[in-house]
Structure formats: structure tokens, C-alpha cells
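Beneath this line is the structure, given in C-alpha cells, with notes to follow.
Any read-out appearing in this document is the output of simple, stated calculations on the displayed coordinates, not a laboratory observation. Because the structure is predicted, anything quoted here is derived from the model rather than measured. Using ideal geometry, Cβ is built from the backbone for each residue, glycine included, and neighbour counts are taken over all protein chains shown.
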Amino acid sequence: MDAKRSISLAAMALCAAAASAGEAESGCRAESGATTLPLVELYTSEGCNSCPPADRWLAETFAPSGRVQAVALAFHVDYWDRLGWPDRFARAEWSARQEAIARTGGGTVVYTPQVVLQGRDFPTWRSTNAARELARAASRPPRASVDVGARVDGRRVVVAASARVPATADRAGARLVVAYADSGHVTGVKRGENAGVTLTHDHVVRALATSGVADASGALRAEVSFSRPADAGAHPRVVAFVERGDAREILQSVALPLERCGT
């Protein structure tokens, strides 16, 4: 069944430390294009028996060789750890992010699996109309430009990202978010609703950092250093996106595969 709970107020913490922009700028880069690159967020848990189909959908739909032009991120929430299986990817911060999205949409509960497209609930992700809705989101003009550079130094990934929001009306509450994600994880679940099931996970968010709000010119910048986790997965990448206000309306995204950076 879909797992739900009442939302609570919780602050999202940053998972990265400051770094110099010069370090990242000496490495590889990616820039957003002239069209919108939609952001798809999956809120999932290894403790939820209705989540594996959504995990598979995310992996298959947004595979590197896939035709869908979008960025996917999987946020593992922690509120189902109490069922007997602590999800090793779960973070309280990811639960708080999902709760904030629910509040701004007027909801009183959160649930898993939940798919969010461009900051909005996307309940039709499993329908035949999903591809059409993704294409529609990609057809809209971008409302920000995003640039991200990275340098890999052993287990450290140094990132410098910048963005600009051209329209004055879009600048209020706009922030630049940088995520570190990887794929190819396999977990043999021993307890809880998925006991005895082997799960695979792609696009898993391992760390997240958020800038301050845009300045009067619409400029944004984030300079961070991520430590690659000991259980690092395959195909690591940095995803940078601009979101606006408490509603987390997504203005533009860009993804930088770290294989380009010598990982």
C-alpha cells in the first residue's frame, strides 16, 4: 500500500562544506541549454513495499541511454525506517523536503512512492500520459540559466555552480540547489515490508546543498565540496537546479556526469 504520514515542520540541513570557486572551475563543466530540462524527484523508501515499481520506473525511464530529456533524483525518506528495516540512503532532510512540498500544495500528508515533476506532484507518472507530460514540461521556455563545474580530487568533489534568473518576477525566493547522486546500488532487504526482496536503486541523492536567495540582478552562486560516500555507486553526477520559493517551483536544471571529470 502507499505509505503516508502527517507532515511536521523540519528544517533541511546542508550536506556540503564551502570550497573555493577556483578549484571547481579548473575541472569539467556543463551549462543548461535553450530549452527546459525538467527535474523529476522520486520520494521512496526500502521499507515501503509499493516503492520498488517506482524505483524501476525511474531507472528505466531516465537511463543514460534513454530518450527522455529530464533529470531524475531519488530521495530516500526516513519515516519508514521504524518498520524494521533502516534504509541506508534515507535522510531526515529528504523527508523534510517532501513535507515542505506537501505543505505548499495544501496537503496534510506525505506518501511513498511520490513522484514530483518540476516541483509539483506528478501522480500520473505510471500512466500512458506520463511521457506526454514530461515532453510538455520540456517544451516550456527556461526561466533561468545554470552553469556547473566540478573537479574530482580523490574522494572529494569540488563544485562551483552559478545561475541567473532573468525575469524580475521569478527572482523572489529563487535559490540554487546542488545535488550529488549515483546509481547501481543493490540491497538485499532482510526485514520490514520488503523482507526477502533484492532492490536496485539509481539516481540516489547522497548529498544536497542550497545557496542563498538570488540578488537584485537575479544572480546565484553555490560553492561546495562533497565527500564521496564509502559505498559510492556507479555513474556519479552533480545536478544543479534553480527552485523558487517554498513551493520549490523548478526554473531550470543541468546535470554533469562526473565520468567526464576523470572519476
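With charges set only on the Cβ (+1 for Lys and Arg, -1 for Asp and Glu), what does the dipole of the range 3-261 come to about its Cα centre, in debye to the nearest 20?
Its charge dipole is roughly 260 debye.
Based on other C-beta atoms within 10 Å, arrange E243, E133 from fewest to most.
The fewest-first ordering by Cβ neighbours comes to E133, E243.
Using Cα pairs closer than 8 Å and at least 6 residues apart in sequence, work out the relative contact order for the range 53-187, in percent.
Dividing the mean separation by the residue count of the range 53-187 yields 13 percent.
Identify which of L37, L199, L208 has the largest mean-square fluctuation in a Gaussian network model of the chain, with springs joining Cα atoms closer than 10 Å.
So, out of L37, L199, L208, the one fluctuating most is L199.
5 Å is the cut-off here: which amide hydrogens, built 1.01 Å from N in the peptide plane, fall below it relative to R248, excluding neighbours closer than 5 in sequence?
Result for R248 returns nothing.
To the nearest 500 deg cm²/dmol, what mean residue ellipticity at 222 nm is calculated for the chain from DSSP H runs of n ≥ 4 alone, each contributing -39,500 (n - 2.57), summed and divided by the residues?
Rounded to the nearest 500, the figure is -4500 deg cm²/dmol.
Ratio to report: Rg/Rh of the chain, with Cα atoms as the point set and Rh obtained by the Kirkwood method; give two decimals. Working shown, then result.
Working: Rg = 17.5 Å, Rh = 18.5 Å.
Result for the chain is an Rg/Rh of 0.94.
Could you identify which residue out of L83, L134, L39 has the top mean-square fluctuation in a GNM of the chain using Cα springs shorter than 10 Å?
Maximum fluctuation in the GNM of the chain, among the listed residues, is at L83.
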